[in-house]
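The values are calculated or read from the model by the stated rules, or taken from the named source; none is laboratory data. Owing to the predicted nature of the structure, the values given are computational and were not obtained by experimental measurement. Here Cβ is always computed from backbone atoms with ideal geometry, including for glycine, and neighbour counts include all displayed protein chains.
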Amino acid sequence: MAQKIQGTEDLFGGYMRAWQHMQDVARELFGSYGFDMIETPAIEQVDTFVHGIGESTDVVRKEMFRVVSGALFENLLAAGSESGLKAKQRMAMRPEGTAGVVRAAVENNFVPQGAAPAKLWYAEAMFRGERPQKGRLRQFHQVGVEWLGAPDPAADAECIIMLMEFYKRLGFDLSQLELRVNSMGDEDCRPAYRDKVRDFILAHEDEMCEDCLERAQINPLRSFDCKNERCQRVMRDAPLVTDNLCDECRSHYEQVKRYLDAAGIPYEEDPTLVRGLDYYTRTVFEVEAVSSGVGAIGGGGRYDGLMELEGGKQTPGIGFAVGFERIALALEAQGSSLETPAPSCVYVACASPDERAAAFDVTLALRQAGIRCEADYQGRSLKSQFKQADKLGAPICVVLGSEELAAGAATVRDMRTHEQDLVPLAALPETVGTRLA
Ligand code: AMP
């Protein structure tokens, strides 16, 4: 029997409706903030991710699913290396949304000189070659936003405010969510800070794990996220980015916090929050559902250098992404659910096969009137059609029998009270519609 790949899921039934519900909530909320939907390809050139996310990140080094066409795959195996591939032949499944959206913004010139900012949101599958576990999949789904061309700290605050409103509308008890914010500085102050952290790690060489010693050379800030307890203890005394911000970054961060305070958004400052991707500058934030045990349920930040890294002109940007599967788990842990019941439908039953053609017409007429309906396609008895209608949760059943049809009418049966009356066929859509409402 064919089986799905470990760390991937089939979305159907209530779980699928939950994903759609999350997108509906996003469409309405993000739309009210002026965001338009975008969809970029699921495969991009590897360089799109390498330039943006950074060569030294775990996502690029270890977790990206690489894609090769069938013909090239044979050549690649024979050559034993990808060095002969052209840039456009080196492809990967997107591990996150921002790099692709920014690539699209550069390619389609979304933010020409002097233009209003581009505000985009997406709902897409992402692919990461991680070790599958609860809340950590190899194909998962994210809703995210990217706001390009807005350097103002008000944009950072609005993004965070919109994110928290999103959780609220998804059904979260906000008192059970923890929002952490930080500023990571910019190209002026971060390089010196990185060097300080590198030197700090090297000065504690004996106490740090192998990975951290490697990180010290390529991406020292990642050591703040090391799972090793000894490293965590050492890193508690490491220099903090908030003590090393330049005046502009400090002022930007202060303003973001002032806006959040003004909007009454509770947050915690976490000077060790660094996020895994290289492109972040200044504001970064992450949200966790307290005691849900699923890790971060969303996060994001500012990336003022990313447009340039993707080959465009310098344009500021900020965004966030929220993972659907973790949201579903975290809501469940709060005793809530994203799942919406299947929408109810009207059932069109016929007493005998002689009324089948009339049932066909009635079903079409009801659907034309926008009424969701189902009928029998298996030649069941009237009794089992009623059973089926109950199973589908149909509040109303339209029953067609020879006598009713002779009178140009049908029986409309309320499935809860079992009350029924005769309604002329021509009046069915209106009558059924009114009763459903
Ligand atoms: P990141 O881009 O890593 O900050 O991810 C943003 C959000 O996507 C996280 O907060 C999670 O909710 C979700 N997410 C990230 N990686 C995974 C994964 N492997 N499986 C499921 N959800 C994920």
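Could you check segment 321-331 and list, in sequence order, the residues that are surrounded by fewer than 24 Cβ atoms within 10 Å (Cβ to Cβ) and either assigned to a strand (DSSP E or B) or away from the ligand (no atom under 14 Å from the Cβ) (or both)?
If the condition is that a residue be surrounded by fewer than 24 Cβ atoms within 10 Å (Cβ to Cβ) and either assigned to a strand (DSSP E or B) or away from the ligand (no atom under 14 Å from the Cβ) (or both), then Ala321 is the only one that fits.
As an exercise: evaluate Leu329 against (1) under 45 Å from the mean Cα position of the chain (by Cα); (2) not assigned by TED's automatic domain parsing to the domain that holds Lys168 and give the number of the one condition it does not meet.
(2)
Do we have Ser175 as out of contact with any Gly (no Cβ under 8 Å at 6 or more places or on another chain), buried (at least 20 other Cβ atoms within 10 Å of the Cβ) and among the hydroxyl-bearing types (Ser, Thr, Tyr) here?
Details: out of contact with any Gly (no Cβ under 8 Å at 6 or more places or on another chain): yes; buried (at least 20 other Cβ atoms within 10 Å of the Cβ): no; among the hydroxyl-bearing types (Ser, Thr, Tyr): yes.
Criteria not met by Ser175.
With the requirement that a residue be among the charged types (D, E, K, R) and either more than 9 Å from the ligand (Cβ to nearest atom) or under 16 Å from Lys134 (Cα atoms) (or both), what does segment 273-308 give you?
Looking only at segment 273-308, we keep the residues that are among the charged types (D, E, K, R), and these are 275, 278, 282, 286, 288, 302, 304, 308.
Matches in segment 273-308: Asp278, Arg282, Glu288, Arg302, Asp304, Glu308.
Would you pick out the residues in segment 335-346 that are away from the ligand (no atom under 15 Å from the Cβ) and over 22 Å from Val399 (Cβ atoms)? Step through it out loud before you land on a result.
Within segment 335-346, the subset away from the ligand (no atom under 15 Å from the Cβ) is 335-337, 339-346.
Within segment 335-346, Gly335, Ser336, Ser337, Glu339, Thr340, Pro341, Ala342 qualify.
Any chance you could count how many residues in segment 384-413 are touching a helix residue (DSSP H, G or I) at 6+ places or on another chain (Cβ under 8 Å), surrounded by 12 or more Cβ atoms within 10 Å (Cβ to Cβ) and farther than 17 Å from Pro343 by Cα?
Initial filter on segment 384-413 (touching a helix residue (DSSP H, G or I) at 6+ places or on another chain (Cβ under 8 Å)): 395-402, 405, 408-412.
Now restrict to residues that are surrounded by 12 or more Cβ atoms within 10 Å (Cβ to Cβ): 395-402, 405, 409-412.
Still in the list and also farther than 17 Å from Pro343 by Cα: 398-402, 405, 409-412.
Number satisfying all stated conditions: 10.
How many residues are part of a strand (DSSP E or B) and either out of contact with any Phe, Trp or Tyr (no Cβ under 8 Å at 6 or more places or on another chain) or more than 8 Å from the ligand (Cβ to nearest atom) (or both) if we restrict to segment 119-140? Working first, answer last.
So the first thing to find is which residues in segment 119-140 are part of a strand (DSSP E or B), and the list is 119-127, 133, 136, 139-140.
Then drop every residue that is not either out of contact with any Phe, Trp or Tyr (no Cβ under 8 Å at 6 or more places or on another chain) or more than 8 Å from the ligand (Cβ to nearest atom) (or both), which leaves 119-125, 127, 133, 136, 139.
Selection size over segment 119-140: 11.
Any idea which of Arg222, Arg236 is under 24 Å from Arg302 (Cα atoms), of a type in the set (Lys, Arg), under 33 Å from the mean Cα position of the chain (by Cα) and outside the structural domain of Ala26 (by TED's automatic domain parsing)? Working first, answer last.
On the way: Arg236 fails: under 24 Å from Arg302 (Cα atoms).
None of the others qualify; the one that does is Arg222.
Determine which member of the set Ala358, Ala349 is in a strand (DSSP E or B) and away from the ligand (no atom under 16 Å from the Cβ).
Numbers: Ala358 fails: in a strand (DSSP E or B).
Criteria check complete, one pass: Ala349.
Which of the residues that make up segment 45-61 are in contact with a strand residue (DSSP E or B) (Cβ under 7 Å, 6 or more places away or on another chain) and either buried (at least 21 other Cβ atoms within 10 Å of the Cβ) or of a type in the set (A, V, I, L, M) (or both)?
Quick first cut of segment 45-61, residues in contact with a strand residue (DSSP E or B) (Cβ under 7 Å, 6 or more places away or on another chain) only: 45-46, 49.
Across segment 45-61, the qualifying residues are Val46, Phe49.
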